């Protein structure tokens, strides 16, 4: 069976889409080919890096990527999942030319907008990470009858 191709997209590809990519790879990488990208790629969010490190996943070497670069490369996906929060819905990018793709939107708060001390921002980012993991786990169980091994 061919792996289903999934693209997680948010505005900057700096936190939410990076965490979602890493989590789906961890939970069901044997069944999915997973990438992430953004409309305006930024810098990798240090809180996302730390939150994932706490979960035993190292994304510190990841680079942010552009949806337009993937489009120019002719990449196609079975699923394009946007992970912008509702306040950014108007700016949340779509993958151009993906007519045969199933599009899904999951709303998660943007760690870039969190206020407070380092620890307070990290706690909030861990909550986003956990919410993303719960959403992916639910999607895998309901749509694919895949029970992730470390859920």
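A short reminder: the numbers here are calculations on the coordinates, not readings from a lab. The model shown is predicted, which means the values in this text are computed figures rather than measured ones. When we count neighbours, we look across all protein chains shown, and the Cβ atoms used for this are built from the backbone with ideal geometry, even at glycine.
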Problem - Value of relative contact order over region 4-144, rounded to a whole percent, pairs C-alpha under 8 Å and six or more apart - result: 30 percent
Handout entry: Cα→Cβ-extended label distance, 7 Å offset, between residue 58 and residue 76, nm
Key = 3.6 nm
Practice task
Describe numerically, in nm with one decimal, the distance between label points set 7 Å from Cα along Cα→Cβ at residue 103 and at residue 123.
Solution key: 3.7 nm
Problem - Difference of contour (0.36 nm per residue) and Cα-Cα distance, residue 115 to residue 141 - result: 5.9 nm
Practice task
Given the peptides 124-135, 70-81, arrange them by the average over their residues of other C-beta atoms within 10 Å, most packed first.
Solution key: 124-135, 70-81
